[in-house]
1. Can you check what the Kirkwood hydrodynamic radius comes to for the stretch 48-92, Cα pairs only, in Å to one decimal?
2. One-quarter of the Cα convex hull surface for the stretch 1-88, in nm²?
3. Given the chain, what percent of its DSSP beta bridges are antiparallel, to the nearest 5?
4. Could you tell me how far the Cα centroid of the stretch 28-91 sits from the Cα centroid of the stretch 145-179, in Å?
5. For the stretch 147-267, which whole percent of the accessible surface, found with a 1.4 angstrom probe, sits on carbon and sulfur atoms?
6. If you take the charge dipole of the chain about its Cα centre, with +1 on Lys and Arg Cβ and -1 on Asp and Glu Cβ, which of 6, 102, 201 is farthest toward its positive end?
7. How do 47, 158, 92 rank by accessible surface area computed with a 1.4 Å probe, from largest to smallest?
8. On average, how much accessible surface per residue is there in the chain, in Å², for a 1.4 Å probe, leaving out ligands, DNA and RNA?
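The values are calculated or read from the model by the stated rules, or taken from the named source; none is laboratory data. These figures come from a predicted structure and were not determined experimentally. Reconstructed Cβ throughout: ideal geometry from the backbone, glycine too, with neighbour counts over all protein chains shown. Areas reflect the complete protein model, heavy atoms only, side chains present, ligands, DNA and RNA absent. Shrake-Rupley method; radii C 1.70, N 1.55, O 1.52, S 1.80 Å.
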Amino acid sequence: MTSTTLQLSEPYGAVTCLRAGRGDPVVLIHGVGMQSAAWGPQIEALSLTHQVIALDMPGHGGSAPLPEGAELPDYVAWLHAVLQALDLGPVSLAGHSMGALIAGGYAVCHPENVARVALLNGVFRRSAGARAAVEARAAEIRAGSFDLETPLARWFGSSPADQQARAQVGEWLSGVNLAGYAAAYSAFARGDSTYADGFGGIRCPLLALTGDGDPNSTPDMAQMMAAAAQQGRAVVIEGHRHMVNLTAPAEVNAALRAWLNTEGATS
């Protein structure tokens, strides 16, 4: 696994990523407060058969932030610039949480560049109450409030696997760029319906995966995303919450391998 940096033109600047393996390209996008290393179990497993590129989202890891006030379409435009720079051709695109919003939006806007798309612990058409709660959290973060324990308590259970992953995720969150975190969280809070009406136009295989204990990226949301797409499939992993790719890596990797073995839209 190697870390590389792309230098894009303005307004994007530097983009860092982890790369491993050879073969057809798989691009991974993490969630708010994380970094490309959060895909560690997936990079290790999928790079045995594919070229895996895990990106640091803007304002996270070593990637430059987007301009102030960026919304979800700006993150989708950023991804388009990254993929053009990488010049990989159609990719298998997977995102987690905020990364899932970016990946889903990209599949809607640039279907010619996406062979298949996987949305892990994504959000889709929140209820009014859920939207109000997440927008309130976004406002607190923009005001400078950084509460580490609340998201960790929401994301993890009490099992040994959860607690081990919680410790690592806590380290990443503790070191996050607060401005990048606030910007991404604000776009995340407002983005759950931005591209929802376009899911019916996604022709490539779509995997929507979550844990049955995720209170915000719910199984119902995964089912709705899968039902909205033309070739959608929902997978719900029992006994896990939001960071399911770290707490249930074997199950997630098996689902991703099955997704990668489905015929892509551009095959």
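1. 11.9
2. Hull-based average projected area comes out at 5.3 nm².
3. The antiparallel fraction comes to roughly 30 percent.
4. After rounding, the separation between the Cα centres reads 20 Å.
5. Its accessible area is 50 percent carbon and sulfur atoms.
6. Farthest towards the positive pole: 201.
7. Final ranking, largest accessible area leading: 158, 47, 92.
8. Per-residue accessible area for the chain comes out at 40 Å².
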